[in-house]
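First up is the structure itself, then whatever we jot down about it.
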Amino acid sequence: MKMIKIALLLLLLALGLSPGLAQNVEPTQPSPKLNIEIAVVTHQKPAPGLYDLDATPADEGFQGARIALLDNNATGAFLGQHFELSEMALSPDQAPADAARRLINKGVRLFIVDLPAPDLLAIADVVKDSGALVFNASSPDDFLRGRDCRSNLFHIAPSRAMLTDALTEFLSVKRWTNLALVVGPKAGDALYAEALRNSAKKFGLKVVADKPWTFGPLARARGDNITEAEALIFSQGLSYDIMVVADEDDDFGDYIPYHTWNAKLLAGTQGLIATSWHPTEIAWGGEQLQDRFLHQAKRTMRPVDYQAWEAVRAIGEAVANVNSADPRVLSDYLLSSEFGVAAFKGVAVSFRPWDRQLRQPLLLAQPRAIVAVAPQPGFLHQRTPLDTLGVDEPETACRLK
């Protein structure tokens, strides 16, 4: 029996799971099978263009959930627990709320959702009477953690406030305090820029120039453009330490490096970015996760894949500890001080009880390398340095019943 437990402990460590689970496992006396079904809901991804360097894979999110399912079932085999996935890619004419109702009628009570904020809220509202839990795998909108928060909605994806806080923490450490902000024309660009301005104020930085981008999607044009000459000189006369760009759709941000008047670095949505995951992350055992994912999916792991993986693993960790699939029991445990899950980032990640946001380290990366990890050393908080990223409890607009 001792050798069996040692083997189980080694397996859990190899998978990045909680080794504490091995202490109470009796593999020769398995408990009755507990079945847990998790639904992953997303939109069908649009077909890529003729030459798209970074097209969204059709299986984005699904692949991350599948890897985590293997992790959960590796532990579940010893605990009498079995996890299953229901994968749903909605066509443009399918209403997410209707799809959620059908899944609820089939007995599903755990949802991982990769959809825009309005659809995410529609699902959270339509399933709430069943007690189901919804995990936000992709939407960064701060209002989902604020005025429009829901008690059954857990956020795996980092908020825009977390992303811009992670970036401005790093800039403050480097003493690059004067920022030139360039804002795209789309709604997400405006929201990112708003979060960046708030983060700059929070960490003592100054936005010395705040300019709209008016030259079109030059990063997508990949060729000569009649507005190119104007784009080359739009930063002429500006004095700043680093340029920060708000371009969530990748329309122009990648065009800016080496086209500005001043020889300065770029950060924000392009250049140096803050992200939950990156293909160059191999620290803290991350290389093992990257290799497993690459072997399975035949591509690198993207942030939405990682966030779906985190969601399934959070569910698995909770089920393993409370031995229940009841979403209300799982919710209580997820929000407790006892919950924590290994996420290949050096520390256990956990949920903030006031807005259901997953607190986690964020990676600061350039296209081919990790530059730093936030929170930066020296940034302290009364609970955990992770709470220096994003909206803290005293400032939250979330009022959960």
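Observations on the structure shown:
- Take the Cβ atoms of Y333 and L400, set R0 to 22 Å, and the FRET efficiency comes out at 0.85.
- Label-reachable residues, the range 124-162, where backbone N falls under 18 Å from a point 7 Å from D98's Cα toward its Cβ: 124-127
- Counting DSSP beta bridges with both ends in the chain, the antiparallel % (nearest 5): 25 percent
- Per-pair calculated FRET efficiency, R0 = 60 Å: N73 and T214 via Cβ, rounded to 0.05: 0.70
- Model label sites at A283 and L53, defined 7 Å from Cα along the beta-carbon direction, differ in position by 2.7 nm.
- Multiplying the residue separation of A190 and D326 by 0.36 nm and subtracting their alpha-carbon distance yields 45.0 nm.
- In degrees, nearest ten, helix 187-202 long axis to first principal axis of the chain (Cα): 90 degrees
- Cα-based Rg / Dmax (Å) for the range 291-335: 13.5, 37
- If you take all other residues with their beta carbon under 11 Å from the beta carbon of E393, and give Lys and Arg +1 and Asp and Glu -1, the sum is -2.
- Nitroxide proxy distance, nm - points 7 Å out along Cα→Cβ at V347 and D250: 3.1 nm
Bear in mind that the values in this text are calculations on the coordinates, not laboratory data. Owing to the predicted nature of the structure, the values given are computational and were not obtained by experimental measurement. Positions of Cβ are backbone-derived with ideal geometry, glycine not excepted, and every protein chain shown enters the neighbour counts.
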